[in-house]
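S.K.: Got a structure for you, questions after.
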Amino acid sequence: MKIVILTGSGISAESGIPTFRGSDGLWNGFKVEDVATPEGFKKNKQLVLDFYNSRRKDVKSVVPNDAHFAIAKLQNSGLHDVTLITQNVDDLHERAGSKNVLHMHGSLANALCSHCGEVFPANEVMMVEDACAECGEKTVRPDIVWFGEIPYYMDEIDYKLRDADIFVSIGTSGNVYPAAGFVRIAKKKKAKTVELNLEPTGGYHDFSERKIGLATKVVPEWVDDILKM
Ligand code: OAD
């Protein structure tokens with residue numbers, strides 16, 4: 001079967017990384033426009049770098065959980081064609097053993113030069129005066145897709161969604177497009193659509209199946225069911 005999985009911050013919550021919109025969410029205490037837009041970066045580079053430096057440090061101190069491991073197990077079983085798309089900028093899928101993770105919102109592990117477009121490993125603590133590894137210009141930013149920017153891999157994702165037998169959305173609130181619209185693309189092309197989340201989201205009518213609960217419980221259960229098919 002062709003399975004397309006979309007993950008959001010809910011899958012990393014039990015590893016100790018806060019979600020964005022939860023009560024102790026990452027956006028609490030920060031204005032999205034200050035830390036997650038090109039305009040915010042132009043206005044105060046240090047504030048934005050500090051925000052992502054802190055996220056990078058937090059990610060280093062946590063480990064993948066059973067939901068990340070279950071997805072890696074499914075991918076590595078070789079029994080199905082699994083495409084893994086994540087909105088997360090952490091590397092917990094990779095550390096659990098997943099390959100070819102499509103980080104549509106970028107990655108904390110990388111820096112991006114806005115002058116020449118080079119992407120290279122980010123310093124643990126990025127500084128305003130960092131120079132690009134390729135062109136030497138001091139135009140380096142976190143390789144994070146900010147609001148108003150186009151997410152990565154959109155052509156590949158669109159192709160995979162239209163070809164999917166099953167689309168599974170895990171730990172995402174469905175607040176941010178284009179990811180929030182993936183379920184409808186897959187459904188239109190007759191994929192079975194499954195939501196695995198702590199609570200039902202606004203896309204209620206778009207999912208044909210729903211398992212409500214902690215990701216560390218419902219994801220391994222769902223994977224085991226698929227592996228038995
Ligand atoms: P949200 O904070 O919007 O949603 C997290 C979802 O995870 C919610 O629906 C929670 O109910 C669910 N959740 C929380 N804990 C869970 C658990 N233990 N098990 C299962 N589900 C759980 O975060 P995202 O949907 O990931 O973009 O946010 C999408 C994008 O918005 C992010 O990638 C980020 C943000 O703005 C950018 O920064 C570009």
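The values are calculated or read from the model by the stated rules, or taken from the named source; none is laboratory data. Values in this document were obtained by computation on a predicted structure and should not be read as measured data. So basically every Cβ, Gly included, is an ideal-geometry build from the backbone, and we count neighbours across all protein chains shown. Heavy atoms of the whole protein, side chains included, go into the accessibility calculation; ligands, DNA and RNA do not. Shrake-Rupley method; radii C 1.70, N 1.55, O 1.52, S 1.80 Å.
S.K.: If the limit is 28 Å between Cα atoms, which of 31/138; 45/217; 99/192; 42/99; 31/217; 31/187 go over it?
M.R.: Cα-Cα > 28 Å for 45/217; 42/99; 31/217; 31/187; rest within.
S.K.: What is the dipole size for the stretch 101-229, taken about its Cα centre, with +1 at each Lys and Arg Cβ and -1 at each Asp and Glu Cβ, in debye to the nearest 20?
M.R.: Taking the Cα centre of the stretch 101-229 as origin, the dipole is about 800 debye.
S.K.: Packing-wise, with mean Cβ within 10 Å as the measure, how do 65-77, 210-222 rank, highest first?
M.R.: 65-77, 210-222
S.K.: Follow-up. Report, to the nearest whole %, how much of the accessible area of the chain belongs to carbon and sulfur atoms, 1.4 Å probe, protein only.
M.R.: That fraction is 52 percent.
S.K.: Which of the peptides 5-11, 58-64 is most tightly packed, and how do the rest follow, going by the mean number of other Cβ atoms within 10 Å of each residue?
M.R.: 5-11, 58-64
S.K.: Suppose every Lys and Arg Cβ carries +1 and every Asp and Glu Cβ carries -1, with no other charges. What dipole size does the stretch 23-63 come out with about its Cα centre, to the nearest 20 debye?
M.R.: Rounded to the nearest 20 debye, it is 220 debye.
S.K.: Assign one of three labels to the chain, namely rounded, prolate or oblate, based on the Cα gyration tensor with a ≥ b ≥ c the square roots of its eigenvalues; rounded applies when a/c is under 1.5, prolate when it is not and a/b is larger than b/c, and oblate otherwise.
M.R.: It is prolate, given that a/c is not under 1.5 and a/b is the larger ratio.
S.K.: Along the charge dipole of the stretch 76-229, pointing to its positive end and built from +1/-1 on Cβ of Lys, Arg, Asp and Glu, which listed residue (142, 98, 109) has its Cα farthest out?
M.R.: Of 142, 98, 109, it is 98.
S.K.: Shifting gears a bit: Where nothing but the Cβ of Lys and Arg (+1) and of Asp and Glu (-1) is charged, how large is the charge dipole of the chain around its Cα centre, in debye to the nearest 20?
M.R.: Here the size comes out at about 560 debye.
S.K.: Have a look at the DSSP beta bridges in the chain and tell me what percent are antiparallel, nearest 5.
M.R.: 25 percent
S.K.: Let me ask something else. Using amide H atoms built in the peptide plane, which far-off residues or other-chain residues are under 5 Å from residue 103 H to H?
M.R.: 86
S.K.: Could I ask something else about it? Using alpha-carbon positions, what is the distance between the centroids of the stretch 177-213 and the stretch 60-122, in Å?
M.R.: 21 Å
S.K.: Rounded to the nearest 500 deg cm²/dmol, what is the calculated helix-only ellipticity per residue at 222 nm for the chain, with -39500 (n - 2.57) per DSSP H run of length n ≥ 4?
M.R.: Calculated from helices alone, the mean residue ellipticity at 222 nm is -9000 deg cm²/dmol.
S.K.: Does the stretch 68-112 classify as rounded, prolate or oblate by the C-alpha gyration tensor (a ≥ b ≥ c root eigenvalues; a/c under 1.5 gives rounded; else a/b over b/c gives prolate, otherwise oblate)?
M.R.: prolate
S.K.: Using a 1.4 Å probe, what is the accessible area per residue for the chain, in Å²?
M.R.: Accessible area per residue: 50 Å².
S.K.: While we're on this one: Quick one: which of 47-57, 119-129, 88-98 comes out on top by average Cβ neighbours within 10 Å, and what's the full order, highest first?
M.R.: Output ranking for 47-57, 119-129, 88-98: 88-98, 47-57, 119-129.
S.K.: Among 181, 126, 17, whose Cα sits farthest toward the positive end of the charge dipole of the chain (+1 at Cβ of Lys/Arg, -1 at Cβ of Asp/Glu, about the Cα centre)?
M.R.: Of 181, 126, 17, it is 181.
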